[in-house]
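Asks: Okay, handing you the structure first.
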């Protein structure tokens, strides 16, 4: 999803995950109506959604592994199961050897890889990525987006990514353009065929 600042992209992401309530209308996510949903329903929905933020939002006092394990707290897993899954996920993003590093000891690209691992460790159905490459140079940004795409395809997961970085739009299956809270167009990045 792309569009100018203030067009509503981040607002839409916060509506999708139930962090913000709509003033009117309806919104279905994974077959569930989000508007008017109970806290219990929203909690259940959030278990199916992973998040990747622009500023990675890692807890500075936790190691990379602990940051990833934290995403599994809502799931009924033992501490041992959480640890094993976190280590496996860090391995898949190329950071197994850095699992005991704290965020301050990681590069920007490595922090974003930890954030990707945290978002995907619970095998969500959807990952919402809000400007995940904004703080990275073009090479690191490309690596992060390529990694996200690869892992999501392996897991059968959909990624909805908000970006201003036109250099990475080629990885998208579909590009949605927003302006002033409205959908301007939606088209396949492969064919450039406009559908809306």
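Asks: Starting from the Kirkwood Rh over alpha-carbon pairs, what translational D in µm² s⁻¹ does the stretch 104-151 have by Stokes-Einstein at 10 °C and 1.306 mPa s?
Replies: On the way: Rh = 11.1 Å.
This corresponds to a translational diffusion coefficient of 143 µm²/s.
Asks: So, by mean Cβ neighbours within 10 angstrom, what's the order for 76-85, 22-31, 55-64, 173-182 with the highest one leading?
Replies: Descending packing order for the listed peptides: 55-64, 173-182, 76-85, 22-31.
Asks: When 1/r is averaged over all different Cα pairs and the result inverted, which Kirkwood radius in Å belongs to the chain?
Replies: That comes to 17.5 Å for the chain.
Asks: Which part of the stretch 1-44 falls in the paramagnetic zone of residue 182, meaning amide N under 14 Å from the point 7 Å along Cα-to-beta-carbon?
Replies: Backbone N within reach: 7-8.
Asks: May I pose another question? Over every pair of different alpha-carbon atoms in the stretch 105-185, take the mean of 1/r and invert it; report that Kirkwood radius in Å.
Replies: 13.4
Values quoted throughout were computed directly from the atomic coordinates according to the rules given, and no laboratory measurement underlies them. Note that the structure is a prediction, hence the values are computed from the model and not measured. Note that we place each Cβ from the backbone using ideal geometry, even for glycine, and neighbour counts take in every protein chain shown.
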